[in-house]
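Asker: Have a look at this one.
The values are calculated or read from the model by the stated rules, or taken from the named source; none is laboratory data. Remember, predicted model here, so these are calculated numbers, not experimental data. Reconstructed Cβ throughout: ideal geometry from the backbone, glycine too, with neighbour counts over all protein chains shown.
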């Protein structure tokens, strides 16, 4: 009984200590940890999906890099949060859940385009803004150092994401142009065949003489 009571007191003491540590973080620092956790979770889950579903090889390569890089950052973030007694989110928030549901419904080029725009670019823009603010203004020294350490990689991810989006758009423009050219060739060939079959194609200088 005394052992159980001792263990209970120890557990309670640790919980209170962790709560006190978390409470010592400013609201902005806690918000950063929470948002960084959500951001990393989205990048990993969406990129795992892209590694399976993406059609364009560059999208697959980008997704595989994001899985590797963000998993490493997530590991550091979890260690930092545990040290600070802060509970990171364990599931995506509503907006990010909706995005994942949308991605699951898409296939082929439509999936690639959505992933490139929403994850490779937009999500990284939000992450860069988040980490820039924390690197400049975080009150906790370790939180600030974590944000500053990983900001350059996120900025590079964003640049790569913008290049990926542009590459997909160029491919789409090229494909549309090729389709239009195919349509023109089919129309031209079809018109020529029809005129020949019906005997309406007349070479200049071979017109029949008018009846007298």
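Asker: Tell me, yes or no, whether the stretch 13-28 has at least one residue that is part of a helix (DSSP H, G or I), modelled with pLDDT of 95 or more and either over 24 Å from residue 132 (Cα atoms) or out of contact with any helix residue (DSSP H, G or I) (no Cβ under 9 Å at 6 or more places or on another chain) (or both).
Answerer: Yes, because at least one residue in the stretch 13-28 is part of a helix (DSSP H, G or I), modelled with pLDDT of 95 or more and either over 24 Å from residue 132 (Cα atoms) or out of contact with any helix residue (DSSP H, G or I) (no Cβ under 9 Å at 6 or more places or on another chain) (or both).
Quick grid of which residues meet (1) at pLDDT 95 or above; (2) over 14 Å from the mean Cα position of the chain (by Cα); (3) in a loop (DSSP other than H, G, I, E, B):
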| residue | (1), (2), (3) |
| --- | --- |
| 120 | yes, no, no |
| 123 | yes, no, no |
| 129 | yes, yes, no |
| 134 | yes, yes, no |
| 139 | yes, yes, yes |
| 149 | yes, yes, no |
| 154 | yes, no, no |
| 158 | yes, no, no |
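Asker: So, in the stretch 81-105, of the ones that are surrounded by 12 or more Cβ atoms within 10 Å (Cβ to Cβ) and in a loop (DSSP other than H, G, I, E, B), which residue ends up modelled with the lowest pLDDT?
Answerer: 93
Asker: While we're looking at this one, here's another question. So which of 88, 92, 49, 42 is within 11 Å of the chain's Cα centre (by Cα) and within 28 Å of residue 27 (Cα to Cα)?
Answerer: Just a single option satisfies the conditions, and that option is 42.
Asker: If residue 110 passes every condition in (1) modelled with pLDDT of 95 or more; (2) in contact with a helix residue (DSSP H, G or I) (Cβ under 9 Å, 6 or more places away or on another chain) but one, which one does it miss?
Answerer: For residue 110, the failing item is (2).
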